[in-house]
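The values are calculated or read from the model by the stated rules, or taken from the named source; none is laboratory data. If you're wondering where the values come from, they're calculated on a predicted model, not measured in any experiment. In this analysis, Cβ positions are derived from the backbone assuming ideal geometry, glycine residues included, and neighbour counts consider all displayed protein chains. Ligands, DNA and RNA are stripped out before the accessible areas are found, and what is left, the full protein with its side chains, is counted by its heavy atoms. Shrake-Rupley method; radii C 1.70, N 1.55, O 1.52, S 1.80 Å.
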Amino acid sequence: MSEFTTFAGAENHALRILVLDGIRDFEVQVRNDPRMMDHIADSDMSLEDYRAMHDRIATKLLNNEEFDHRLFDGDETQFVVALAEDGVGTTSYQNTDAGQAARMRDEQIIEKAKAMDQERRTTDSSPTPAATAPPLSERTYNRATLAAAGHHLETGDWDAHRKLAQIAVKSGYAAEVTQEYFKGAGTDTPLEHKIEILDPGETAPCVTPGLRLEEETVLGSTISVEQFTPETPHGFFGPVTPLEDAPTDPEGPGNPVASDAHLSALAAQPPHPSARSTGPSLT
């Protein structure tokens with residue numbers, strides 16, 4: 001047991017949910033509130049810096065079942081507190097005993113995160129080197145968890161679908177992301193996506209590595225199927241989703257944006273045994 005403030009079990013899960021909610025709220029404000037961009041412009045960090053910080057924190061929270069401040073670097077614990085507080089701010093608590101109990105739990109989580117941040121600051125100012133955190137190993141997920149997370153993604157979220165597919169490969173599986181583009185259909189979601197989690201042996205061969213299908217339907221829509229396998233772990237487009245190459249009208253609705261919604265979708269799933277990166281889990 002660590003001598004420091006430690007998050008494990010249900011408290012770890014609760015902090016993770018709050019932080020991911022805070023990250024999601026940040027992205028919503030970036031898209032919809034000009035004041036957020038003004039705030040970023042006045043800060044010492046760029047939008048890319050914020051997103052990189054958020055991604056590092058989210059990855060650490062998702063990949064570690066128990067931790068204290070030694071898991072984090074620099075100002076990451078301060079960001080954990082701020083994001084968790086934003087997450088609380090986006091949560092609607094019902095005026096019931098259960099709702100108020102959830103509010104109290106989240107407030108206690110915030111106070112504990114603040115204690116962790118203070119320990120990090122005290123340790124950083126101490127002349128004695130702090131003990132280093134154990135090496136960060138990337139967490140893997142079983143097929144049921146990955147599939148359930150996929151069902152929680154918004155159909156228009158291209159980036160989150162592709163990121164989840166890449167996590168599926170790291171967990172020992174394969175995945176296919178189907179994209180359908182409805183050109184001139186007068187819909188708010190001209191791009192729709194779905195993901196299928198597969199065993200590597202279930203995938204069909206591709207003439208073009210990472211791209212199993214690209215065709216136009218009789219109704220005029222365009223369908224493409226990007227395949228993610230151990231041989232093509234980043235699919236056809238690579239590790240970063242080429243949002244600027246989306247077929248949608250830049251001035252129209254439904255343009256895809258950078259997204260970490262897959263992290264919230266994974267965190268919302270009930271605990272399951274992890275898959276092994278060397279092969280699919282049997283659970």
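Every residue, every condition in (1) without any contact (Cβ under 8 Å) to a residue 40 or more places away in the chain; (2) more than 18 Å from Asp260 (Cβ to Cβ); (3) assigned to a helix (DSSP H, G or I), yes or no:
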| residue | (1), (2), (3) |
| --- | --- |
| Glu11 | no, yes, yes |
| Arg16 | no, no, yes |
| Val28 | yes, no, yes |
| Met36 | yes, no, yes |
| Glu48 | yes, no, yes |
| Ala52 | yes, no, yes |
| Ile57 | yes, no, yes |
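With respect to Glu138, is the statement that it is surrounded by fewer than 15 Cβ atoms within 10 Å (Cβ to Cβ) and at pLDDT 90 or above true?
No; evaluated as a whole, the condition is false for this residue.
So which residues in region 62-74 are assigned to a loop (DSSP other than H, G, I, E, B) and closer than 17 Å to Leu20 by Cα, if there are any at all?
Scanning region 62-74 gives Asn64, Glu65, Phe72.
Based on what the data block shows, is Ala58 buried (at least 18 other Cβ atoms within 10 Å of the Cβ) and under 21 Å from the mean Cα position of the chain (by Cα)?
Judged against the criteria, Ala58 is a match.
Among the residues of region 6-54, write down those that are open to solvent by 30 Å² or more (accessible area, probe 1.4 Å), out of contact with any helix residue (DSSP H, G or I) (no Cβ under 7 Å at 6 or more places or on another chain) and of a type in the set (Asp, Glu).
Listed by number, the residues that qualify are Asp33, Asp38, Asp42, Asp44, Glu48, Asp49.
If Met1 passes every condition in (1) assigned to a loop (DSSP other than H, G, I, E, B); (2) at pLDDT 85 or above but one, which one does it miss?
Evaluating Met1 over (1) assigned to a loop (DSSP other than H, G, I, E, B); (2) at pLDDT 85 or above leaves (2) as the failure.
In region 9-52, what residues are among the charged types (D, E, K, R) and under 17 Å from the mean Cα position of the chain (by Cα)?
Scanning region 9-52 gives Arg16, Asp21, Arg24, Asp25, Glu27, Glu48, Asp49, Arg51.
Could you look through region 86-120, keep only residues that are assigned to a helix (DSSP H, G or I) and open to solvent by 90 Å² or more (accessible area, probe 1.4 Å), and pick out the one that is nearest to Asp68 (Cα to Cα)?
Within region 86-120, the match that is nearest to Asp68 (Cα to Cα) is Gln118.
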